[in-house]
Amino acid sequence: MNSRFSLAVLPRTERGRPLVLSASPDGNKIVYCHGHSVIIREVDSPQYADIYTQHACDVNVAKYSPSGFYIASADKSGKVRIWDTVNAEHILKNEFQPLSGPIYDLAWSGDNQRMVVVGQGREKFGHVFLTDTGTSNGDISGQSRPINSCDFKSTRPFRIITGSEDNTAAVYEGPPFKFSGSKTEHTRYCQVVRYSKNGHHWASAGFDGHVYLYDGKDSSPLGTVVDGKAAHEGGIYGLDWNPESTQFVTASGDKKCKIWDLETKQVVATYDMGDDVASQQLGCIWVNGTIISVSLSGNLNYLDPRSPPKPRMIVEGHNKPITAFAQKPDQPSRVFTGSSDGRVIQWDTEQGLGKEIKNNRTCQVNALAWQSPSLYAATMDDVLSGMTFEDSKVTITPEMRLEEFKYSVSESKLPAQARGMAELGSSQVLVLIQNALLIFENGNIVKEEKLPYEASCLAASEKHNQVIIGEAAPGQNIYVYNLKNTAESIHTVALSGSPTSIAFSPCQSSFVTTDSNRKVTLFKAGSFDKAHTKDWGFHTAKVLCAAFSPNGHYVASGGLDCSIILWSVDEPSKHHILLAAHTQSPITRIAWLDDSSVLSTGQDGNVKIWNASWKK
């Protein structure tokens, strides 16, 4: 198995905290952080991503070296890791501990030999050192509060600038670097400082909504830019220069991005990113002819400097663990995922594009089910939301905006949290709660059957008119019910552990169960006998999910061990293991898009699509 697409997790954002983006020297890739991971994503084809997961705690910032051969990433413990970008293994070059607290920003010198890091250390708020040895190359002092931002002048004579929570921007000359002076124009936190690409100018921006410009060599003031009373009505979180160093872009909490001309100091273009809190802009970067900004929602907004005022493309997805999955039977490439923050995303897996479906909920999605033309989502606040599409075959394009999805939302109150859902026929949806099975039709409960045990999972068969329900831990049984009379189970099967998922084959002649004892078990539907005597127990931790291929010949499973295993139904003694499919992350859902494509979702928020050719 090898990766086809990595529909990567979006940046993890925090309100009021700038988010730092970086780009490769050629401008073809951007880098951002999420949790313990560093995401390297292609600009023109964002469905291709590489994910680095070697940090032991949350990563705050990562940046390419000017040569492009290395990336330096820094985390909240004050540790910096420098690793190569050439090999798929991302071999570690050096690891240093320059600060004793979180690092918020870092910058390389133009010769790749020096690095400055800033943040919230105990003894100091910044440090500059040699990247080969870690030896100190000066002193970052002169500011009295944590430092939010830093940058290195790309040309000689080298200079360092920093922006601090004491409202000042500081300048350092060297090497070795020493404090040269500070700029006190800002009246609130200085959030970002950046040199122009040619090093001739630099700019500082802050919470006060102002941007101040300075000469790159001697840091003499060159004025400010104003659009009204200030540059922005809200705090500024991001600033970056165009490759020609003639213009720069700013991103603000007032939900706008603006392009400014250096010579005239006038605003050239304004991008209105929305009117809700999630549209606040926390960072930006100018790569070649494209500006990419990050919203508080985590969305990546592609801005064309030649065609304001709306983004030309928005890369959407998840930035929280994925907890639910559904697939459209007549369009297997159209899938839906739900996450722990209530977000529901519709994916076109052929193009690698995703668009959010607003369901008016902000808590965890426990289960999803597609019942044409509606998508049903059960959330942790005991609500079943039905999103009914006007056009069930709508396609996704990069230019498509959220308002182009035409659907209505209805809600039904559940007696308790949903444990699982399954569609049945063309009109019914089964919802499993803690001690009952609910049958919905057109969004209304038509039947409720109490269960004498606590339930964990279910699967339904229209062909056999049956539903199979798994018993929650510490129980180890699955119970089979006839849907015409669900009062009592017609069959009970004991597993080796507590059942975690159940799935029928496409022809519904067999079904597979997964359990907490690392087992994947194949049964014959109808007789409920085991389909073979082989022990499918090669997972090393609890198995969480399994699914049949469309032709019914293979089963894919995933679990807490972060691995995917392919099992052969026809030759039960054969299997293939893909270790660390989602590195350091349990696999929460798995599905087949076709007989050679497997989709997996993880607690890391990533959606991955794998080429799953079976080798004899």
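When Rg is the radius of gyration of the Cα atoms in the stretch 435-526 and Rh is its Kirkwood radius, what does Rg/Rh come to? Walk me through the intermediate numbers first.
On the way: Rg = 12.9 Å, Rh = 13.4 Å.
Rounded to two decimals, Rg/Rh equals 0.96.
Per residue of the stretch 354-371, in order, report the coupling 6.51 cos²θ - 1.76 cosθ + 1.60 (Karplus, θ = phi - 60°) as ³J(HN,Hα) in whole Hz, putting x for Gly and Pro.
With the stated coefficients, the stretch 354-371 comes to x, 9, 6, 10, 6, 10, 6, 10, 10, 10, 4, 8, 7, 7, 10, 8, 9, 9 Hz.
What Kirkwood radius, in Å to one decimal, follows from the Cα pairs of the stretch 553-599? If you can, show how the numbers build up before the last one.
Numbers: mean 1/r = 0.0908 Å⁻¹.
Every distinct Cα pair counted, the radius reaches 11.0 Å.
Mind ranking 586-599, 323-336 by how tightly packed they are, going by the mean number of other C-beta atoms within 10 angstrom, highest first? Write down the numbers at each step before the final one.
Details: 586-599: 21.4, 323-336: 19.3.
Packing order, densest peptide first, comes out as 586-599, 323-336.
Explain nothing, just the number: dipole magnitude of the stretch 19-174 about its Cα centre with +1 on each Lys and Arg Cβ and -1 on each Asp and Glu Cβ, in debye rounded to the nearest 20. Mind dumping the intermediate values first?
On the way: 14 positive and 18 negative charges, 50 e Å.
Dipole of the stretch 19-174, to the nearest 20 debye: 240 debye.
Sort the following peptides by mean Cβ neighbour count (other Cβ atoms within 10 Å, averaged over residues), highest first: 256-268, 372-384, 82-94. Provide the component values of the computation, followed by the final result.
Working: 256-268: 16.8, 372-384: 20.9, 82-94: 13.7.
Ranked from most to least packed, the peptides come out as 372-384, 256-268, 82-94.
Between GLN331 and THR224, what is 0.36 nm times their sequence separation minus the Cα-Cα distance? Round to one decimal in nm. Before the final figure, lay out the partial values.
On the way: separation 107, 0.36 × 107 = 38.52 nm, distance 5.41 nm.
Result: 33.1 nm gained on full extension.
List the equivalent ellipsoid semi-axes of the stretch 322-611 in whole Å, largest first, each obtained as the square root of 5λ for an eigenvalue λ of the Cα gyration tensor. It would help to have the intermediate numbers written out before the result.
Values: eigenvalues 151, 113, 57 Å².
So the three semi-axes of the stretch 322-611 are 27, 24, 17 Å.
In this model, which of LYS124/LYS320; LYS153/LYS256; LYS320/LYS608; LYS217/LYS258 are farther than 21 Å apart at the alpha-carbon?
Among LYS124/LYS320; LYS153/LYS256; LYS320/LYS608; LYS217/LYS258, the Cα-Cα distance tops 21 Å for LYS124/LYS320; LYS153/LYS256; LYS217/LYS258.
From the phi of every residue in the stretch 46-55, what ³J(HN,Hα) in whole Hz does the Karplus formula 6.51 cos²θ - 1.76 cosθ + 1.60 yield, where θ is phi - 60° and glycine or proline is x?
Per residue, the Karplus-derived 3J(HN,Hα) values read x, 6, 9, 8, 10, 10, 9, 10, 9, 7 Hz.
Which residues' amide hydrogens lie under 5 Å from the amide hydrogen of ASP254, considering only partners 5 or more residues apart or on another chain, with H built in the peptide plane?
Distant-sequence amide H within range of ASP254: GLY234, GLY235, GLN281.
Work through the residues other than ASP111 whose Cβ is under 14 Å from its Cβ and net out their charges, Lys, Arg +1 and Asp, Glu -1. All intermediate terms of the calculation are to be shown ahead of the outcome.
Values: positive: ARG114, LYS153, ARG156, ARG159; negative: ASP132.
Here the count lands on +3.
Taking every Cα atom in the stretch 142-291, find the radius of gyration and the maximum pairwise distance Dmax, and write them in Å.
14.5, 47
D for the chain, whole µm²/s, Stokes-Einstein with Kirkwood Rh over alpha-carbon pairs at 25 °C and 0.890 mPa s: what number? All intermediate terms of the calculation are to be shown ahead of the outcome.
Details: Rh = 26.0 Å.
Estimated via Stokes-Einstein, D reaches 94 µm²/s.
Could you give the size of the charge dipole of the chain about its Cα centre, using +1 on the Cβ of each K and R and -1 on the Cβ of each D and E, expressed in debye and rounded to the nearest 20? Could the numbers behind the result be given before it?
Numbers: 59 positive and 65 negative charges, 139 e Å.
Roughly 660 debye, rounded to the nearest 20.
Any read-out appearing in this document is the output of simple, stated calculations on the displayed coordinates, not a laboratory observation. Being a predicted model, the structure only gives us computed values, none of them experimental. Using ideal geometry, Cβ is built from the backbone for each residue, glycine included, and neighbour counts are taken over all protein chains shown.
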